[in-house]
Structures are given as structure tokens and as C-alpha cells.
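Please read the structure below before turning to the comments.
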Amino acid sequence: MEYRSVGMEGILVGRSRFAYADKEAEIKCKNPRIRCYNDSRSYRFVLYVRKKAVAGIHFQVNNQGYLIVHSAFTLSNHRRKGYAREIFQE
């Protein structure tokens, strides 16, 4: 499947200031609560609790092939519960 990304803000809070033009493919994760989206140069991992996106991390691939954290976000009422750690472990 392919998805058109609206940015991490759009996924988590329903609105985004930044629209992404590239299509993304969903990658299967080991953790069923996490969904991963990939375009040619970035990855977005989004954690869902009760079918609601609550945390996400966006990684970019640099010129040497390393993943760099571009942004990380957790909804305020879901912070300090280990969700970002859960995404990093994936």
C-alpha cells in the first residue's frame, strides 16, 4: 500500500503545516502497535494506543547512510509512559 504523508503533526493531531510530496509505503513492524512509513529518504514510526496515534519519530537518512532523528513527538497526555522508547526499540 502507498500513503500520501501529511507530516507528523497531521498524523498525531490532525493538522499539519508541512505537506510532503513523496508517496510513502508502509513497512511491517514487529510491534503491532507501531506503523512505519517510508519514502526514499526518511522513515516515520507512529505508535497507536486504542487505534489513536499518540507518539511518533521521524528519521532521515543522511549522505553516509545513517539514520538521524529529525523530530519526535508525543501527545501531552501520553508523555512519560515509555512510548518513544518503544518506538526506538522497534
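Worth pointing out:
- Residue satisfying condition, being farther than 14 Å from Ile87 by Cα, surrounded by 12 or more Cβ atoms within 10 Å (Cβ to Cβ) and either modelled with pLDDT under 85 or of a type in the set (D, E, K, R) (or both), within set Glu2, Glu9: Glu9
- Cβ pairs under 6 Å, 6+ apart, first in segment 36-55 and over 17 Å from Phe88 (Cβ atoms), second aliphatic (A, V, I, L, M) and in a strand (DSSP E or B): Arg41/Val61
- Here Asn63 clears all of (1) surrounded by 13 or more Cβ atoms within 10 Å (Cβ to Cβ); (2) not in a strand (DSSP E or B) except the condition numbered (1).
- Across segment 66-87, the number of residues qualifying as surrounded by 13 or more Cβ atoms within 10 Å (Cβ to Cβ), among the hydrophobic types (A, V, I, L, M, F, W, C) and under 11 Å from the mean Cα position of the chain (by Cα) comes to 4.
The values are calculated or read from the model by the stated rules, or taken from the named source; none is laboratory data. Fair warning: this is a prediction, and the values are worked out from it, not measured in the lab. So basically every Cβ, Gly included, is an ideal-geometry build from the backbone, and we count neighbours across all protein chains shown.
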